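Worksheet: one structure, shown below.
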């Protein structure tokens, strides 16, 4: 039985089909010839103006990875530079130093010790900004408009999760450590740590509620934890200015300065301790030449 889609011709072919086909082809040929004759020469195509290369799209992560530093404007005269600074407790000072130290170019960051109830923590400014904490990921939770909680960082030793604070352009990190802060303590820190940015870009911090900020001269486990300013960081030379009433000698060094494999030394004058890290020449010039006048 033939398949239902087979076609079977029966009877004699229709002789009119070839004639009709010839007529159609002739009409089509005439139409095409008419179109060709009616068209004039085509104008030369206009050249498009050269286009500028599109700017590469930068992700939010890249935009937020700028260094977390302030570069104060320096006034330089006869090899001596002068900058105006504000410590995290709001105390203003003038810093004079040999211009070759380039403290203004190194940039400064604030440091501040904090107690919530009886638990001590540190507020530090990550040198590479929030990317140093977030790694381009997502926070665990938010504790308000400007405070987020981030996972423990790989290689951070005994340190745990991180509270990240945003105060204007500044990013301040609080690394947890044993015993960890409870949920209510994190809420207290998030609401109790206040920050404002001065007109010239410095960060001033204050505490409220269950939060108390360390004062000049306070120590924790032998380290100075009061308000400080750190110049430089990473693999560069570094200087820390630490208000120390009475210049009482504190043997410990700030955690952010020690353990980097470079010579470190310090000196204290007029209630201000200067800690310098770098090569021997840099350290010597910093300790000999830096002078701070508190206003």
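The values are calculated or read from the model by the stated rules, or taken from the named source; none is laboratory data. Since the structure is predicted, the reported quantities are computational estimates derived from the model, not experimental observations. Note: ideal-geometry Cβ built from the backbone for every residue, glycine included; neighbour counts use all protein chains shown.
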Can you pull out the residues in the range 177-192 that are assigned to a loop (DSSP other than H, G, I, E, B) and in contact with a strand residue (DSSP E or B) (Cβ under 7 Å, 6 or more places away or on another chain)?
181
Tell me, please, whether a residue that is assigned to a loop (DSSP other than H, G, I, E, B) and under 24 Å from residue 70 (Cβ atoms) can be found in the range 238-252.
yes
Conditions: (1) at positive phi; (2) surrounded by fewer than 17 Cβ atoms within 10 Å (Cβ to Cβ). Residue 129 meets all but one. Number of the miss?
(2)
Considering only the range 75-98, state which residues are crowded, with 17+ Cβ neighbours inside 10 Å and closer than 20 Å to residue 284 by Cβ.
81, 95, 97
Among the residues of the range 125-144, are any over 17 Å from residue 187 (Cα atoms) and at pLDDT 95 or above?
yes
Only one of 211, 162 that is more than 20 Å from residue 68 (Cβ to Cβ) and either in contact with a strand residue (DSSP E or B) (Cβ under 6 Å, 6 or more places away or on another chain) or crowded, with 17+ Cβ neighbours inside 10 Å (or both)
211
Given the criterion assigned to a loop (DSSP other than H, G, I, E, B), surrounded by 18 or more Cβ atoms within 10 Å (Cβ to Cβ) and either free of Cβ contacts under 8 Å to residues at least 12 places away in the same chain or out of contact with any helix residue (DSSP H, G or I) (no Cβ under 8 Å at 6 or more places or on another chain) (or both), identify the matching residue among 195, 217, 226.
226
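Being closer than 26 Å to residue 257 by Cβ, touching a residue at least 12 places away in the same chain (Cβ under 8 Å), within 17 Å of the chain's Cα centre (by Cα) and in a strand (DSSP E or B): is that true of residue 121 here? Full working, then the answer.
Numbers: closer than 26 Å to residue 257 by Cβ: yes; touching a residue at least 12 places away in the same chain (Cβ under 8 Å): yes; within 17 Å of the chain's Cα centre (by Cα): no; in a strand (DSSP E or B): yes.
It is false that residue 121 is closer than 26 Å to residue 257 by Cβ, touching a residue at least 12 places away in the same chain (Cβ under 8 Å), within 17 Å of the chain's Cα centre (by Cα) and in a strand (DSSP E or B).
Among the residues of the range 138-159 satisfying the criterion of being part of a loop (DSSP other than H, G, I, E, B) and touching a helix residue (DSSP H, G or I) at 6+ places or on another chain (Cβ under 9 Å), which is surrounded by the most Cβ atoms within 10 Å (Cβ to Cβ)?
Of all residues in the range 138-159, those part of a loop (DSSP other than H, G, I, E, B) come to 138-140, 143-146, 151-159.
Now restrict to residues that are touching a helix residue (DSSP H, G or I) at 6+ places or on another chain (Cβ under 9 Å): 143-144, 146, 153.
On the way: 143: 19, 144: 11, 146: 16, 153: 16.
Per the stated criteria, the residue is 143.
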Here is a list of conditions, (1) surrounded by fewer than 17 Cβ atoms within 10 Å (Cβ to Cβ); (2) in contact with a helix residue (DSSP H, G or I) (Cβ under 8 Å, 6 or more places away or on another chain); (3) in contact (Cβ under 8 Å) with a residue 40 or more places away in the chain, and residue 293 meets all of them except one; can you say which number that is?
(2)
Check the range 266-288 and report whether any residue there is in a loop (DSSP other than H, G, I, E, B), modelled with pLDDT under 95, under 23 Å from residue 90 (Cα atoms) and within 28 Å of the chain's Cα centre (by Cα).
no
State the number of residues belonging to the range 101-111 that are part of a loop (DSSP other than H, G, I, E, B) and in contact (Cβ under 8 Å) with a residue 24 or more places away in the chain.
1
In the range 149-168, which residues are free of Cβ contacts under 8 Å to residues at least 12 places away in the same chain and under 17 Å from residue 255 (Cα atoms)?
155, 157
